[in-house]
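The values are calculated or read from the model by the stated rules, or taken from the named source; none is laboratory data. Everything quoted here is computed from the prediction, not taken from an experiment. Here the Cβ positions follow ideal geometry from the backbone for every residue, glycine too, while neighbour counts run over all protein chains shown. Please note that ligands, DNA and RNA were not included when accessible areas were found on the heavy atoms of the full protein model with its side chains. Shrake-Rupley method; radii C 1.70, N 1.55, O 1.52, S 1.80 Å.
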Amino acid sequence: MRKIVINGGRSLKGRVTVSGAKNSVVALIPAIILADGIVTLDGVPAISDVDSLIDIMETMGATVTRQGETLEIDPRGVQDMPMPFGKINSLRASYYFYGSLLGRFGQAVVGLPGGCDLGPRPIDLHLKAFEAMGARVTYEGQNMRLSTEGQRIHGAHIYMDTVSVGATINTILAAVKAEGRTVIENAAREPEIIDVATLLNNMGARIRGAGTDIITIDGVENLHGTRHQVIPDRIEAGTYIALAAAVGEGIQIDNVLYEHLESYIAKLEEMGVRMTVSEDAVFVEKQDKLKAVSIKTSPYPGFATDLQQPITPLLLKATGSGYITDTIYEKRVGHVQELANLGADIQTRGNRIAYKGPSHLRGTAVKATDLRAGAAMVIAGLMAEGRTEITNIEFILRGYSNIIEKLTELGADIQLVEE
Ligand code: UD1
């Protein structure tokens, strides 16, 4: 068993650089299946989700070379083969193989997606879009088969009932080589969608409107190789900003695109967090008094659900009480009990989280119940007096590149311990 051990209560300072975006790269890698040449990605984070994706790509026949943050993928050898559940179920984003395999081969047999348990995470919108484009969906145990029965997948007019990042990207993946035009209405507007569209357009696709709620895709016959820089991870950036405000004595976070974090930074300002935002960095000062605020998550450009958990330990430092309402994933509350175990005054009330600060946290044994709850445990462990041991850290390593090294560099007493 591996765990993270933190001796908390120390002040951190220095600089930390944000890596490439996890939620982009988990879509960019499957997207490369659609290319007829070599695609190079720069700024690829060192996270276990990327290791899993590389493994899957190699199993399917792609040639992959990885050097530092650069990943070169030649997808020309990819075979039309099943990717069953056992191989794929640790990844939520394995669903992107549906869109990319459907786009390339007109069929796919892929295991149902796994990933963090944040309550119900259906993929009905993805499937409705594929069906509208001419695919037939059938279940075979824990696998799903998509097939166009020899026909080329065709364009369609798709209205998304709910704003969904995954369904928007998956529809784009299936549509770029389809016959005719696809229009997605009520599309998600997350920066990762723009990143995927940029890669595909540089491969020769014809996608317009990514970043707005209407995306139009005109199908093309072939896509060629290209080189692409992955955007910075706004969730990792937001995590380090919260951490810096919680335990920092002056921390600069580099490689941050401020415009991807506007609603988050506005909320921190409302709390009274003192920081300086420049072109691609945020400098967070040592904080004195913070004000409690309430948070409600919503699709981009609203407050990101993925930052709700990482900001919670910082809220516990503030004076007063507030609520957190997650409108995307109501059951995303795994961090609440663990923070209470560390001594926080926090509980789940109905479909929201209620907290009262300031709390004095004391180190104890906690677990990472999911990826972003794990980030919350790391921040809380740094804030807490004494020793905090975090188990289930595989979740954290799925999404935070070199987290132990980055925090050690800032002066944290943190170790990954194998038992
Ligand atoms: C992505 C992110 C995840 C983030 C989430 C919301 C990746 C790999 N993951 O997940 O980190 O927390 O966006 O910003 O990018 N829904 C349906 N039917 C569907 C699909 C979604 O009802 O077919 C619902 C979901 O239950 C949820 C909402 O739509 O309530 C948004 O989910 P979605 O944007 O699809 O999340 P993911 O793409 O899975």
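Rounded to the nearest 0.05, what FRET efficiency is calculated for residue 269 and residue 80 with R0 set to 56 Å and r the Cβ-Cβ distance? Intermediate values should be presented prior to the final figure.
Values: r = 51 Å, r/R0 = 0.92.
About 0.60, to the nearest 0.05.
Using the Cβ atoms and a cut-off under 15 Å, what net charge is assigned to the surroundings of residue 295, where Lys and Arg are +1 and Asp and Glu are -1? Could the numbers behind the result be given before it?
Working: positive: 267, 291, 296, 317, 332, 349, 352, 356, 372; negative: 262, 269, 270, 306, 326, 330.
Residues close to residue 295 contribute a combined charge of +3.
For segment 74-232, what does the relative contact order come out to in percent, with C-alpha contacts under 8 Å and a separation of six or more?
On the way: 335 pairs, mean separation 30.1, N = 159.
The value is 19 percent.
If we count every other residue with Cβ under 14 angstrom of residue 276's Cβ, Lys/Arg +1 and Asp/Glu -1, where does the sum land?
Details: positive: 15, 274, 286; negative: 254, 269, 279, 280, 285.
Net charge around residue 276: -2.
Among 307, 52, 77, flag the residue with its Cα farthest along the positive direction of the charge dipole of the chain, charges on Cβ as +1 for Lys/Arg and -1 for Asp/Glu.
307
Counting DSSP beta bridges with both partners in segment 275-419, what percentage is antiparallel, nearest 5? Display every interim value, and only then the final one.
Working: 14 of 23 bridges.
Within segment 275-419, antiparallel bridges account for around 60 percent of the total.
If I take the Cα coordinates of segment 22-229 and project them onto the principal axes, what are the three extents in Å, biggest first?
Each principal axis gives a Cα extent; for segment 22-229 these are 41, 37, 35 Å.
What translational diffusion coefficient, to the nearest whole µm²/s, does segment 11-56 have by Stokes-Einstein, given a Kirkwood radius computed over alpha-carbon pairs, a temperature of 10 °C and 1.306 mPa s viscosity? Numbers along the way, then the final one.
Numbers: Rh = 12.3 Å.
Rounded to a whole number, D works out at 129 µm²/s.
Just grab the label-to-label distance for residue 387 and residue 365, each label 7 Å out from Cα along the Cβ direction, in nm (one decimal).
1.2 nm
Stretch residue 349-residue 202 to full length: gain in nm at 0.36 nm per residue minus the Cα-Cα span? If you can, show how the numbers build up before the last one.
Details: separation 147, 0.36 × 147 = 52.92 nm, distance 4.75 nm.
Here the answer is 48.2 nm.
Using a Gaussian network model of the chain whose springs link C-alpha atoms within less than 10 Å, name the residue from 71, 173, 371 with the highest mean-square fluctuation.
Highest fluctuation of the listed residues: 71.
Would you compute the Debye intensity of segment 1-139 from its alpha-carbon atoms alone, equal scatterers and no solvent, and pass along log10 I(q)/I(0) at q = 0.12, 0.13, 0.14 Å⁻¹ to two decimals?
-0.56, -0.64, -0.72
Can you quote the Å³ per residue value for the convex hull of the Cα atoms in the chain, rounded to an integer?
Details: hull volume 52.1 nm³, N = 419.
Convex hull of Cα atoms, per residue: 124 Å³.
Once each part is reduced to its C-alpha centroid, what is the distance from segment 132-178 to segment 198-269 in angstrom?
If you average the Cα positions of each part, the centres end up 25 Å apart.
Efficiency by 1/(1 + (r/R0)^6): what FRET value for residue 186 and residue 48, r their Cβ-Cβ distance, R0 = 22 Å, to the nearest 0.05?
After rounding to 0.05, the efficiency reads 0.10.
How much area per residue is accessible in the chain when the probe is 1.4 Å and only protein heavy atoms are counted (Å²)?
Working: 15960 Å² over 419 residues.
Result: 38 Å² of accessible area for each residue.
On a straight-distance basis, which lysines could pair with residue 317 in a cross-link, Cα separation under 30 angstrom, same-chain partners fewer than 8 positions away excluded?
Those lysines meeting the cut-off are 3, 13, 22, 267, 286, 289, 291, 296, 331, 356, 367, 406.
Once the piece of chain linking residue 58 and residue 157 is laid out straight, how much longer is it, given 0.36 nm per residue of separation minus the C-alpha distance between them? Don't skip to the end; give the middle numbers.
Working: separation 99, 0.36 × 99 = 35.64 nm, distance 3.41 nm.
Taking 0.36 nm per residue and subtracting the Cα distance, the gain is 32.2 nm.
Of all accessible surface on segment 22-229 at a 1.4 Å probe, what whole percent is carbon and sulfur?
Numbers: 3540 of 7820 Å².
For segment 22-229, the apolar C and S fraction of the accessible surface comes to 45 percent.
What residue among 374, 43, 61 has the largest mean-square fluctuation in a Gaussian network model of the chain, using Cα springs under 10 Å?
Looking only at 374, 43, 61, the biggest GNM fluctuation is shown by 61.
If I stretch the segment between residue 277 and residue 145 completely, what's the gain in nm (0.36 nm per residue apart, minus their alpha carbon distance), one decimal? All intermediate terms of the calculation are to be shown ahead of the outcome.
Numbers: separation 132, 0.36 × 132 = 47.52 nm, distance 4.76 nm.
Extra length from residue 277 to residue 145 when fully extended: 42.8 nm.
Counting only protein heavy atoms and using a 1.4 Å probe, what share of the accessible area of segment 293-419 belongs to carbon plus sulfur, as a whole percent? Walk me through the numbers on the way to the answer.
Numbers: 2240 of 4790 Å².
In segment 293-419, the share of accessible area belonging to carbon and sulfur is 47 percent.
From the protein chains alone at 1.4 Å, what is the descending order of accessible area for 149, 279, largest first? Walk me through the intermediate numbers first.
Numbers: 149 120, 279 170 Å².
Most to least solvent-accessible, the answer reads 279, 149.
Under unit Cβ charges (Lys, Arg +1; Asp, Glu -1), what dipole magnitude, rounded to 20 debye, does the chain have relative to its Cα centre? Walk me through the intermediate numbers first.
Details: 41 positive and 50 negative charges, 179 e Å.
Dipole of the chain, to the nearest 20 debye: 860 debye.
By how many degrees, between 0 and 90 and to the nearest 10, does the Cα long axis of helix 305-315 differ from the longest principal axis of the chain?
So the helix axis and the longest Cα principal axis differ by about 10 degrees.
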